[in-house]
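Every read-out reported here was derived from the displayed coordinates using simple, explicitly stated rules and does not represent laboratory data. Just so it is clear, the model here is predicted, and its values are computed rather than measured.
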Amino acid sequence: MSCIQCGEESKYKCPTCRQPYCSVECCKKHKETPCEEPPKPEAPDSEVKKEYEFPTEDTVPHEKLKLLEESGDLKHCMANPHVREILKILDSSPHPDALFQEYMQEPIFTEFVDACLKVVQPPEEDDQR
């Protein structure tokens, strides 16, 4: 980073505004004009209302997707390196639909899918459809 006063390589940052400076002399120059704290980061994702661009009747609400992070069954499935490798392959595939059908033949992947569905679509919702 470059010093905000002279442009030299900076080693320090103003404790208030976090702007870089290189020496005591440049720090004193910087302090001649009052500075302010940098703006606070925006609210975390959990507080921001997210909208889908093209929702369908099968769209899963963000709140339910967030619950996947807390699922013990899902964490257990994700501990398996084979499941993680399958997910990487699906994520990078230009045609994941065909691969998905193939991987659904593997019990470990089916267990992963069932764990996901148990969280986002509990059994009582199945009865209502």
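General observations
- Value of relative contact order over the chain, rounded to a whole percent, pairs C-alpha under 8 Å and six or more apart: 16
- For the range 60-68, 3J(HN,Hα) per residue [Karplus equation, 6.51 cos²θ - 1.76 cosθ + 1.60, θ = phi - 60°, Hz, x = Gly/Pro]: 8, x, 4, 4, 5, 4, 4, 5, 4
- Under 5 Å, built H, 5+ apart or other chain: amide partners of LYS13: TYR21
- With N counted as the residues of the chain, its alpha-carbon radius of gyration over 2.2 N^0.38 Å works out to 1.81.
- Contact order normalised by residue count of the range 1-40, Cα under 8 Å, 6+ apart, percent: 36
- At least 15 Å along the helix axis (C-alpha) and Kyte average at least 0.5, DSSP helices within the chain: 107-120
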